[in-house]
Amino acid sequence: MPKAVWNDLVIAESDDTVLVEGNHYFPRSALRADLITDSATHTVCPWKGTASYHSLTHDGKTSEDAVWYYPDPKPEAEQVRDRVAFWKDVRVVD
């Protein structure tokens, strides 16, 4: 089962991920809400739409913008709606 791991913490785990461009998109409900804070960062993907970000914070450590999601994906990217993906110092392992 895929897991997202940050600083030895499992921050998301689900057997219901969607693989897009090499990234596992986990159901939003699988993400530990107690570790995230909203970010003002936004980026645009030409085919998925505008991404929003969360930062991770735990035990005095922060990973800025390590979690991204598409609140309103374009129709061709509907499979990522209500899902989150990770980068920076978050590892996704099986």
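Quick note: the coordinates plus some simple rules give every number you see, no bench work behind them. Everything numeric in this text was worked out from a predicted model, so none of it was measured. Every residue, glycine as well, gets a Cβ built from its backbone with ideal geometry; the counts of neighbours run over all protein chains shown.
A few remarks follow.
- Only a single item in (1) assigned to a strand (DSSP E or B); (2) under 14 Å from the mean Cα position of the chain (by Cα); (3) surrounded by fewer than 18 Cβ atoms within 10 Å (Cβ to Cβ) is not met by Thr62, and it is number (2).
- For segment 65-94, a residue qualifies if it is at positive phi and assigned to a strand (DSSP E or B), and exactly one does: Asp65.
- Within segment 64-77, residues that are over 13 Å from Pro27 (Cα atoms) have Cβ atoms under 6 Å from residues that are among the β-branched types (Val, Ile, Thr) in these pairs: Asp65/Thr41; Ala66/Val90; Pro73/Val80, counting only partners at least 6 apart in sequence or on another chain.
- Among the residues of this structure, His58 counts as one that is farther than 17 Å from Phe26 by Cα and not aliphatic (A, V, I, L, M).
- Selection from segment 13-43 of residues that are surrounded by 14 or more Cβ atoms within 10 Å (Cβ to Cβ), in a strand (DSSP E or B) and charged (D, E, K, R): Glu13
- Applying a threshold of 7 Å to beta carbon distances and a minimum spacing of six or more residues, or different chains, the list of pairs starting in segment 44-58 at a residue that is outside any strand (DSSP E or B) and ending at one that is not aliphatic (A, V, I, L, M) reads Trp47/Lys74; Trp47/Glu76; Lys48/Tyr70; Lys48/Pro73; Lys48/Lys74.
- Considered as a group, the residues in segment 1-47 that are in contact with a Pro (Cβ under 6 Å, 6 or more places away or on another chain) and among the hydroxyl-bearing types (Ser, Thr, Tyr) include one that is nearest to Pro75 (Cα to Cα), and that residue is Thr17.
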